[in-house]
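Colleague: I have a structure I would like to understand better, so I am pasting it below and will then ask my questions one at a time.
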Amino acid sequence: LQSILKLLVAGEGPSRTGVLIPIPQYPLYSAAIAELSAVQLNYYLDEEHCWALDVAELRRALAEGRRHCCPRVLCIINPGNPTGQVQSRQCIEDVIKFAFEEKLFLMADEVYQDNIYAEGSAFHSFKKVLFEMGPPYSEVVELASFHSASKGFMGECGFRSGYVEVVNMDPEVKQQLAKLVSVRLCPPVSGQILLDAIVDPPKPGDPSYELFISDESWELWGWSGWVLVNVGLYMMSPSSCGAEQDGSWSMWAPPPRPAPQEQGQAPDMFFCMKLLEETGICVVPGSGFGQREGTFHFR
């Protein structure tokens with residue numbers, strides 16, 4: 001992610017690169033944007049519709065950003081982190097058309113693609129949808145898609161390795177990307193071995209296939225405890241959205257319980273600390289990921 005952003009960031013003042021990111025977001029994005037002196041452009045996910053992505057909100061964020069910078073990049077996290085939503089195929093098509101119309105480079109963070117649990121939900125990769133849409137989109141839209149052994153059920157969160165695939169990138173620019181990646185140290189050997197298993201998993205008839213499928217099923221079953229957590233949270237706070245979501249995470253509004261003023265804490269931080277103290281359960285306040293002003297959440 002950092003290599004791709006480094007490649008795309010340029011300019012100063014009004015010509016500085018603007019990067020559209022979802023709010024709530026995974027903090028790697030805001031940190032990398034700040035480090036590169038780019039401009040963070042927030043687009044808000046629709047909490048009332050289980051954190052769905054709305055293209056109208058993308059247009060609002062883009063128009064606002066163009067007043068003071070040069071938006072060049074649109075970041076998508078699907079399945080969502082920290083929100084856990086899984087985008088529909090129609091939504092992905094709409095985003096691709098938007099990027100095509102506005103000449104934006106698409107960054108698709110798809111590291112939780114195997115962790116889908118809700119009935120009727122399915123993961124659709126941006127690359128697959130882009131190519132199935134055909135010309136002119138498949139020939140023009142620049143896309144970088146990301147997957148990782150460091151997230152999802154394969155290696156969460158111990159093994160460290162990942163990859164990016166780029167589509168429709170100018171060959172000379174791609175050559176510069178190769179240079180950027182080449183100056184970084186590679187991940188440890190164990191991570192490289194695991195990544196090979198992710199991109200080329202055992203197939204039926206291979207000696208390790210049965211063991212691989214057994215381990216995969218066991219790991220995904222373990223992750224499915226998320227479903228029970230969501231059911232419990234929904235019973236505690238049915239007005240919040242989250243019980244219908246997929247992926248590995250969800251964002252919830254804490255139940256009404258105003259923090260005493262002397263605590264000097266926002267309500268979500270107060271809730272998270274009290275939950276830890278009283279139950280031993282550790283959650284993260286929404287302020288760590290970004291949220292609409294005046295709202296409070298925990299992941």
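Colleague: What tally of residues in the stretch 138-155 results from selecting those that are surrounded by fewer than 20 Cβ atoms within 10 Å (Cβ to Cβ) and in contact (Cβ under 8 Å) with a residue 60 or more places away in the chain?
Modeller: Looking only at that region, the number is 2.
Colleague: Please go through (1) of a type in the set (S, T, Y); (2) assigned to a helix (DSSP H, G or I); (3) at pLDDT 75 or above for S250 and return the number of the only condition it doesn't satisfy.
Modeller: Here S250 meets the rest and fails (2).
Colleague: Related question: Between a residue in the stretch 108-128 that is over 19 Å from G162 (Cα atoms) and of a type in the set (A, V, I, L, M) and any residue that is surrounded by fewer than 19 Cβ atoms within 10 Å (Cβ to Cβ) and at pLDDT 85 or above, which pairs come within a Cβ distance under 6 Å, given they are 6 or more apart or on different chains?
Modeller: I116/F123
Colleague: Do you know which of the residues in the stretch 105-137 that are part of a helix (DSSP H, G or I) and either touching a Ser or Thr at 6+ places or on another chain (Cβ under 9 Å) or among the aliphatic types (A, V, I, L, M) (or both) is surrounded by the fewest Cβ atoms within 10 Å (Cβ to Cβ)?
Modeller: E132
Colleague: Which of the helices (runs of 4 or more DSSP H) found entirely inside the stretch 1-67 contain at least 1 residues meeting this: within 22 Å of V86 (Cβ to Cβ) and touching a strand residue (DSSP E or B) at 6+ places or on another chain (Cβ under 6 Å)?
Modeller: The helices (runs of 4 or more DSSP H) meeting that bar are 28-35, 55-65.
Colleague: Right, something else. Collect the residues in the stretch 180-204 that are open to solvent by less than 80 Å² (accessible area, probe 1.4 Å) and either modelled with pLDDT of 90 or more or not β-branched (V, I, T) (or both), keeping them in residue-number order.
Modeller: Result: L180, P187, P188, S190, G191, L194, L195, A197, P201, P202.
Colleague: Among the residues of the stretch 44-76, how many are touching a Pro at 6+ places or on another chain (Cβ under 6 Å) and modelled with pLDDT of 95 or more?
Modeller: The total comes to 2.
Colleague: What residue, of V140, V111, is within 18 Å of Q87 (Cβ to Cβ) and assigned by the TED database to the domain that holds L20?
Modeller: V111
Colleague: Looking only at the stretch 99-123, which residues are of a type outside the set (D, E, K, R), out of contact with any Cys (no Cβ under 9 Å at 6 or more places or on another chain) and at pLDDT 95 or above?
Modeller: A99, F100, L104, F105
Colleague: Scan the stretch 37-54 residue by residue and report those that are within 16 Å of the chain's Cα centre (by Cα), at negative phi and in contact (Cβ under 8 Å) with a residue 24 or more places away in the chain.
Modeller: The answer is L41, N42, Y44, L45, E47, A52, L53.
Colleague: Restricting attention to the stretch 160-179, does a residue exist that is part of a helix (DSSP H, G or I), among the β-branched types (V, I, T), in the same structural domain as R72 (by the TED database) and open to solvent by 70 Å² or more (accessible area, probe 1.4 Å)?
Modeller: No - not one qualifying residue is present in the stretch 160-179.
Colleague: Moving on to the next point. Within the set of pairs 6+ apart or on separate chains, which have a first residue in the stretch 177-191 that is more than 22 Å from V167 (Cα to Cα), a second that is open to solvent by 80 Å² or more (accessible area, probe 1.4 Å) and of a type in the set (A, V, I, L, M, F, W, C), and C-beta atoms under 9 Å apart?
Modeller: Final answer for the pair search is P187/F159; P188/F159; S190/F159; G191/F159.
Colleague: Next up: Give the residues of the stretch 1-54 that are among the small types (G, A, S) and touching an Asp or Glu at 6+ places or on another chain (Cβ under 7 Å), sorted by residue number.
Modeller: Correct list: A52 only.
Colleague: Still on this structure: Output the qualifying pairs, or none if there are none: Cβ atoms under 6 angstrom, residues six or more apart or on different chains, first residue in the stretch 56-71 and over 19 Å from D94 (Cβ atoms), second residue assigned to a helix (DSSP H, G or I) and open to solvent by 50 Å² or more (accessible area, probe 1.4 Å).
Modeller: Correct list of pairs: C70/S15.
The values are calculated or read from the model by the stated rules, or taken from the named source; none is laboratory data. Keep in mind it's a predicted model, so treat the numbers as computed, not measured. Quick reminder, even Gly has a Cβ in these numbers, built from the backbone with ideal geometry, and neighbours come from all protein chains shown. Heavy atoms of the whole protein, side chains included, go into the accessibility calculation; ligands, DNA and RNA do not. Shrake-Rupley method; radii C 1.70, N 1.55, O 1.52, S 1.80 Å.
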